[in-house]
Amino acid sequence: MEKRALKFKTFKVKAPAKINLWLQVVNRRSDGYHDLWSLMLPVSVFDELELQISEGYGIEITCNDPAIPTDSSNLIWKAIKTYEKATEPINYKLSIQLKKNIPVGAGLGGGSSNAGYMLMGLNQCFQNSVPSDKLFEIAKMVGADVPFFLYSQPSLAEGIGDILKPVDNFPSYFLVLIKPPVTLSTKEIYQSLELTKKRRFISINEVLKDCWSLDGVVVNDLEAVAVKKCNQIADIKDWLNGMGAVVAGMSGSGPTVFGIFKSIAEAEEVAKKARNRWENSYWIRVARVLTERVKITFF
């Protein structure tokens with residue numbers, strides 16, 4: 001069988017995490033998913049991803065974290081196979097090195113980010129053989145959050161998170177991210193969710209009009225369910241608010257909590273106090289909202 005034409009044989013990228021400034025659940029769909037209304041923001045915590053394409057066949061994933069699966073249950077693997085099925089056989093060996101810095105089951109989208117950047121990088125290695133609209137459809141087949149990482153810029157998200165509208169001129173908030181030593185299942189959180197009919201849907205104009213007036217904007221409909229499974233979420237929120245956060249909220253299906261601060265110095269000081277409080281049992285990082293897309297380096 002004829003080999004596909006290669007433009008690059010290697011790429012490296014730092015794949016960012018995300019937070020949801022707000023996450024409102026609109027309704028439950030007949031397919032078991034939920035329609036959402038959310039503002040998704042890429043943030044400066046990164047997994048490091050490298051692909052090498054060589055003669056041979058198959059997929060090989062290595063990872064610094066032994067808890068991360070390196071077989072077909074990894075979203076990177078699923079992304080490659082979905083891309084191949086939607087295009088044509090790759091007929092090369094794909095060797096992937098993954099350095100995990102984004103915690104798993106944290107509501108930060110690490111696996112989806114890995115998959116999204118793998119799709120973009122792989123497509124460029126094969127001379128952009130898939131147009132952007134088709135790549136977006138492939139991303140949707142891999143996972144609900146994966147299309148967002150093809151944009152990797154502040155975006156309004158509807159549907160299951162696959163209808164996206166980028167937001168320009170968004171503020172680069174400084175963040176303190178804190179995850180307790182608990183992993184939550186997104187599927188279980190959604191299955192336990194009880195929807196209410198009365199609701200006010202948040203407008204992006206509320207943020208863009210005054211980026212520091214965030215009361216009533218940082219809302220997460222999944223939080224009440226997540227707190228029942230992990231009461232540390234409420235404790236972290238209260239602590240961050242007590243430390244002077246403009247606002248604090250839970251990202252995705254949790255349990256990671258973010259606090260927004262007006263300066264990097266303030267965020268770093270609060271993170272230092274958080275490390276003293278929880279020592280090594282909690283994952284704690286200082287980050288900022290990314291307003292420009294992360295570039296992939298090709299060789």
ask   = Hey, among the residues in segment 101-142 that are open to solvent by 20 Å² or more (accessible area, probe 1.4 Å) and part of a loop (DSSP other than H, G, I, E, B), which one's farthest from I296 (Cα to Cα)?
value = G105
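So how many residues does segment 152-182 have that are charged (D, E, K, R), open to solvent by 30 Å² or more (accessible area, probe 1.4 Å) and free of Cβ contacts under 8 Å to residues at least 40 places away in the same chain? Step through it out loud before you land on a result.
Step one: filter segment 152-182 for residues charged (D, E, K, R), giving 158, 162, 165, 168, 179.
Keeping just the survivors that are open to solvent by 30 Å² or more (accessible area, probe 1.4 Å) gives 158, 165, 168.
Going one step further and asking which of them are free of Cβ contacts under 8 Å to residues at least 40 places away in the same chain, we end up with 165, 168.
Of the residues in segment 152-182, 2 are charged (D, E, K, R), open to solvent by 30 Å² or more (accessible area, probe 1.4 Å) and free of Cβ contacts under 8 Å to residues at least 40 places away in the same chain.
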note = Going through (1) among the hydrophobic types (A, V, I, L, M, F, W, C); (2) under 15 Å from the mean Cα position of the chain (by Cα); (3) not in a loop (DSSP other than H, G, I, E, B) one by one, I96 fails only at (2)
request  = Identify the single condition in (1) touching a residue at least 60 places away in the same chain (Cβ under 8 Å); (2) in a loop (DSSP other than H, G, I, E, B); (3) of a type outside the set (V, I, T); (4) surrounded by 12 or more Cβ atoms within 10 Å (Cβ to Cβ) that S213 does not satisfy, given that it satisfies every other one.
outcome  = (1)
task = Taking the options Y92, Y83, Y117, name whichever one is under 18 Å from L41 (Cβ atoms) and among the hydroxyl-bearing types (S, T, Y).
result = Y117
key: Looking only at segment 1-28, and only at residues there that are aliphatic (A, V, I, L, M) and touching a strand residue (DSSP E or B) at 6+ places or on another chain (Cβ under 6 Å), the one that is farthest from L98 (Cα to Cα)   = V26
request  = Return a yes/no flag: does segment 273-285 have any residue that is on the phi > 0 side of the Ramachandran plot and modelled with pLDDT of 95 or more.
outcome  = no
query = From the set of residues in segment 112-170 that are over 22 Å from G32 (Cβ atoms) and among the β-branched types (V, I, T), which is nearest to the chain's Cα centre (by Cα)?
reply = V167
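So that you can scan it fast, the table gives a plain yes or no per residue for (1) at positive phi; (2) modelled with pLDDT under 95; (3) in a helix (DSSP H, G or I):
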{"site": "L184", "(1), (2), (3)": "no, yes, no"}
{"site": "Y190", "(1), (2), (3)": "no, yes, yes"}
{"site": "F201", "(1), (2), (3)": "no, yes, no"}
{"site": "V227", "(1), (2), (3)": "no, no, yes"}
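Count, please, the residues in segment 200-210 that happen to be surrounded by 18 or more Cβ atoms within 10 Å (Cβ to Cβ) and basic (K, R). If you could, list the steps in order and put the result at the bottom.
Applying the first criterion (surrounded by 18 or more Cβ atoms within 10 Å (Cβ to Cβ)) to segment 200-210 yields 202, 207.
Subset that is basic (K, R): none.
Of the residues in that region, 0 qualify.
Quick one: which of A274, A245 is buried (at least 20 other Cβ atoms within 10 Å of the Cβ), part of a loop (DSSP other than H, G, I, E, B) and of a type in the set (A, V, I, L, M)?
Numbers: A274 fails: part of a loop (DSSP other than H, G, I, E, B).
Criteria check complete, one pass: A245.
Considering N74, N123, which residue is in contact with a helix residue (DSSP H, G or I) (Cβ under 7 Å, 6 or more places away or on another chain) and among the polar types (S, T, N, Q)?
Only one candidate qualifies: N123.
Sort through E50, E60 and tell me the only one that's open to solvent by 10 Å² or more (accessible area, probe 1.4 Å) and over 27 Å from S155 (Cβ atoms). Reasoning before the result, please.
Details: E50 fails: over 27 Å from S155 (Cβ atoms).
One residue alone meets the criteria, E60.
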task = Give segment 62-94 a look and list any residue that's touching a residue at least 24 places away in the same chain (Cβ under 8 Å) and of a type in the set (K, R), or say none.
result = K78, K93
request  = Name the single residue, out of those in segment 1-41 being modelled with pLDDT under 95 and of a type in the set (S, T, Y), that is surrounded by the fewest Cβ atoms within 10 Å (Cβ to Cβ).
outcome  = S30
message = If a residue counts only when it is hydrophobic (A, V, I, L, M, F, W, C) and within 18 Å of the chain's Cα centre (by Cα), which strands (runs of 3 or more DSSP E) contained entirely in segment 3-65 have at least 3 such residues?
response = 10-28, 34-54
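The values are calculated or read from the model by the stated rules, or taken from the named source; none is laboratory data. All of these numbers come straight from a predicted model, not from anything done at the bench. Reconstructed Cβ throughout: ideal geometry from the backbone, glycine too, with neighbour counts over all protein chains shown. Each accessible area value is taken on the protein alone, full model and side chains, heavy atoms only, with ligands, DNA and RNA left out. Shrake-Rupley method; radii C 1.70, N 1.55, O 1.52, S 1.80 Å.
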